[in-house]
Amino acid sequence: MCKLLIATMLVASAFGTAAAQTPAAGANNEIPNMGRAPKQADGIGRLDLRVVDQDGNPVQGVRADLQSKRVGGFLCESWNWTDARGVSVLPPLHMGSLKLKLSAKGYKTQEVAVNAADLDQPVRIVMVRK
């Protein structure tokens, strides 16, 4: 009898844990921000990019190239591609004057100036079809 009681408790605790991990209806399923603005001039930052099409659908496979022209003539670059959610988090780099170039098959290539101080929030871009 004791074994049956222990087994029942184990099953109930396993299902209770699974239920507690399921998000509640209406819970915020927003993708966490991974961007980081530099704390000082020429500091290190990271771009968190969110790309959608004109209908608001995520665009996968967008190549994002970020160029940072720094004081003293230095140039830093990082790049990455968007995933199925339209998200790309670029590797950290020293931030100066930033230019972001976006390209994807079937879409117009875009170049966007980015303010390093705004990188604490995701950079949101709408891609336009050719």
>> Is it the case, given these coordinates, that Leu102 is modelled with pLDDT of 95 or more, among the aliphatic types (A, V, I, L, M) and closer than 22 Å to Gln121 by Cα?
In response: yes
> So is Asp55 at pLDDT 95 or above and out of contact with any strand residue (DSSP E or B) (no Cβ under 6 Å at 6 or more places or on another chain) or not?
Replying inline: yes
> Looking at segment 115-130, which of the residues that are in contact (Cβ under 8 Å) with a residue 24 or more places away in the chain and more than 20 Å from Pro32 (Cβ to Cβ) is surrounded by the most Cβ atoms within 10 Å (Cβ to Cβ)?
Replying inline: Met127
> Quick check: anything in segment 57-71 among the β-branched types (Val, Ile, Thr) and open to solvent by less than 80 Å² (accessible area, probe 1.4 Å)?
Replying inline: yes
>> Just to be sure I understand the filter: pairs with C-beta atoms under 6 Å, separated by 6 or more residues or on different chains, first member in segment 48-61 and touching a residue at least 60 places away in the same chain (Cβ under 8 Å), second member open to solvent by 50 Å² or more (accessible area, probe 1.4 Å) and of a type in the set (Lys, Arg). Which pairs pass?
In response: Arg50/Arg124
>> Being open to solvent by 40 Å² or more (accessible area, probe 1.4 Å), over 13 Å from Arg50 (Cα atoms) and either in contact with a Leu (Cβ under 7 Å, 6 or more places away or on another chain) or touching a residue at least 12 places away in the same chain (Cβ under 8 Å) (or both) is the filter here; which residues of segment 72-108 pass it?
In response: Phe74, Glu77, Trp79, Pro91, Pro92, His94, Ser97, Lys99, Lys101, Lys105, Lys108
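The values are calculated or read from the model by the stated rules, or taken from the named source; none is laboratory data. Note that the structure is predicted; figures quoted are calculated from it, not measured. Counting neighbours? That spans all protein chains shown, and the Cβs are built from the backbone with ideal geometry, glycine included. Each accessible area value is taken on the protein alone, full model and side chains, heavy atoms only, with ligands, DNA and RNA left out. Shrake-Rupley method; radii C 1.70, N 1.55, O 1.52, S 1.80 Å.
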